[in-house]
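A short write-up of the structure that comes next.
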Amino acid sequence: MHNWFECKINYEKIAEDGIQKKVTEPYLVDALSFTEAEARIIEEMRPYISGEFTVMDIRRARYSETFLNDKGDRFYKAKINMITLDEKSGTEKKTPVQMLAQASTIHDAISVIDTGMKGTMADYVIASVTETALMDVFPFVAEARTIKKSEEEIAASGE
């Protein structure tokens, strides 16, 4: 299960016209706590930003599922209503969940969500899909951490 945190980074960016201006951009990171989210976003952004940058805000983002797609360049938030049947009353119950899809267009985002939901046994209805301002998403990758930690251990031992 992922714990997503939306982190807003403030830094000076060179615009297309060559003028430097301060911008605040949101990013999504997978972390266990607010402290880890701050450390991860700093680690992830350091190679891409020259100069100083500040983590302006960190807040928990409640996405029950993320569908990342290398072909997409935008991120879309989808509200999905999971439909279940109440056995006692015999009525349908809709439970809303938030999902994130990476795609190029809204139509592609709907397609990505439908493809990702193929394995589910529950019925669902896509209630809404909206484009977010997210610039990038950084999921947790265990292999990268293990390799980096091993390199640090080797360097510390002097081998």
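What to note about this one:
One line per residue, one yes/no per condition, for (1) touching a Leu at 6+ places or on another chain (Cβ under 6 Å); (2) of a type outside the set (K, R); (3) at pLDDT below 95; (4) surrounded by 12 or more Cβ atoms within 10 Å (Cβ to Cβ):
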position	(1), (2), (3), (4)
K8	no, no, no, yes
I14	no, yes, yes, no
A31	no, yes, no, yes
T35	no, yes, no, no
G90	no, yes, yes, no
S104	no, yes, no, yes
D108	no, yes, no, yes
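- Selection from the range 91-109 of residues that are in a strand (DSSP E or B) and among the hydroxyl-bearing types (S, T, Y): T95
- Criterion applied to K22, K88, K71 was being assigned to a strand (DSSP E or B) and basic (K, R), and the one residue passing it is K22.
- Apart from one condition, R60 fits all of (1) at pLDDT 95 or above; (2) open to solvent by less than 30 Å² (accessible area, probe 1.4 Å); (3) not hydrophobic (A, V, I, L, M, F, W, C); the exception is (2).
- Within the range 16-26, tally of residues that are closer than 15 Å to R59 by Cβ and open to solvent by 20 Å² or more (accessible area, probe 1.4 Å): 1
- Some residue of the range 71-86 being at pLDDT 85 or above, small (G, A, S) and out of contact with any His (no Cβ under 6 Å at 6 or more places or on another chain): yes
- Filtered by the rule that a residue be in a loop (DSSP other than H, G, I, E, B), within 27 Å of R40 (Cα to Cα) and either charged (D, E, K, R) or open to solvent by less than 40 Å² (accessible area, probe 1.4 Å) (or both), the range 110-138 gives T132, L134, D136.
- Residues that are modelled with pLDDT of 95 or more, over 27 Å from N10 (Cα atoms), open to solvent by less than 90 Å² (accessible area, probe 1.4 Å) and over 13 Å from the mean Cα position of the chain (by Cα) are absent from the range 145-159 altogether.
- Hey, Y27 in contact with a Ser or Thr (Cβ under 7 Å, 6 or more places away or on another chain), within 27 Å of M117 (Cα to Cα), aromatic (F, W, Y) and touching a residue at least 40 places away in the same chain (Cβ under 8 Å) or not: no
The values are calculated or read from the model by the stated rules, or taken from the named source; none is laboratory data. Since we're looking at a predicted model, the values are computed, not measured. We place every Cβ from the backbone using ideal geometry, glycine too, and count neighbours over all the protein chains shown. The accessibility values were calculated without ligands, DNA or RNA, using every heavy atom of the protein model including side chains. Shrake-Rupley method; radii C 1.70, N 1.55, O 1.52, S 1.80 Å.
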